[in-house]
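The block underneath contains the structure these notes are about, expressed in structure tokens.
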Amino acid sequence: MKPLALLRPLTISSAPSKPLSQPLSLPQKQAFRVLCSSLDSKPIQDGYTAAKPDNNKPGVLDDLFLNLFRNKMVQEVGWDSEKPGYEGLIEVANRLMMNGRTNSDTKEAAVRILISLFPPFLLELYRILIAPIGGGKIAATMVARVTALTCQWLMGTCTINSVDLPDGTSCRSGVFVERCKYLEESKCVGICINTCKLPTQAFFKDYMGVPLVMEPNFTDYSCQQNLGEVH
């Protein structure tokens, strides 16, 4: 991993083909692209042209969940974006990547953010009392349903599906995200892997006792989340 200061600057086009939302100033966009490069990732290409689902219909609690998550992220990062809503959240996630000296630093910081979202002792009680019941199927099913119910503001439209478990049985403990909003808005493989996939897998396994395998698709922005599946 080369320090950012040693990376060769990337050439930025003065007329980007498809800005994410509001055009960024040149220093901000250059920092974002260099950051993705420094974390062995690459911007996602826009070759996928399937119809984009409408993720702009906030639920009653969506703003509450977004503000709570963003506040916890800001506390960890020590910085907040001036932009409101989801666009600002993505900028804070980018800063989280910039703060980490390594991918492991970023992953550990993201795990701390997830832990801070829950009341003290709740995670430990779930891991000790709920996770072992029924070979873990009940806990995995519960987490899948709660995730699909409360996290669409972050991920977009998602549905419950079946997962093949290590014991040869199946369980409806999968969450399929049709087109992940977090991945699509960030357009960075590094942000997806290091602030979402790896820390979320570690958080569920280590702090809730529920193994998880997340399978993001960098072509169509979908993501299959298999709770109860050991990776």
Task: Within region 163-177, considering residues that are surrounded by fewer than 19 Cβ atoms within 10 Å (Cβ to Cβ) and in contact with an Asp or Glu (Cβ under 9 Å, 6 or more places away or on another chain), the one modelled with the lowest pLDDT - done: 166
TODO: Kindly indicate whether residue 180 is without any contact (Cβ under 8 Å) to a residue 24 or more places away in the chain, open to solvent by less than 20 Å² (accessible area, probe 1.4 Å) and closer than 24 Å to residue 62 by Cα.
DONE: no
TODO: Could you tell me whether region 158-176 includes any residue that is closer than 23 Å to residue 105 by Cα and not aliphatic (A, V, I, L, M)?
DONE: no
Open item on the list: So for region 118-128 (the condition being among the aliphatic types (A, V, I, L, M) and at pLDDT below 95), does at least one residue qualify?
Closed with: no
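Here's the yes/no breakdown for (1) touching a residue at least 12 places away in the same chain (Cβ under 8 Å); (2) of a type in the set (Phe, Trp, Tyr); (3) surrounded by fewer than 18 Cβ atoms within 10 Å (Cβ to Cβ):
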position	(1), (2), (3)
65	yes, yes, yes
73	yes, no, no
77	yes, no, no
92	yes, no, no
102	yes, no, yes
105	no, no, yes
114	yes, no, no
Open item on the list: Can you report the number of residues in region 188-203 which are open to solvent by 30 Å² or more (accessible area, probe 1.4 Å) and either within 23 Å of residue 122 (Cβ to Cβ) or touching an Asp or Glu at 6+ places or on another chain (Cβ under 8 Å) (or both)?
Closed with: 2
Open item on the list: Looking at 160, 128, 133 in this structure, which one is aliphatic (A, V, I, L, M), touching a Gly at 6+ places or on another chain (Cβ under 9 Å) and loosely packed, with under 14 Cβ neighbours inside 10 Å?
Closed with: 128
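The values are calculated or read from the model by the stated rules, or taken from the named source; none is laboratory data. Just so you know, these numbers come straight off a predicted model, no measurement behind them. Cβ coordinates were reconstructed from backbone atoms using ideal geometry, including for glycine residues, and neighbour counts include every protein chain displayed. Side chains included, ligands, DNA and RNA excluded: accessible areas come from the protein's heavy atoms. Shrake-Rupley method; radii C 1.70, N 1.55, O 1.52, S 1.80 Å.
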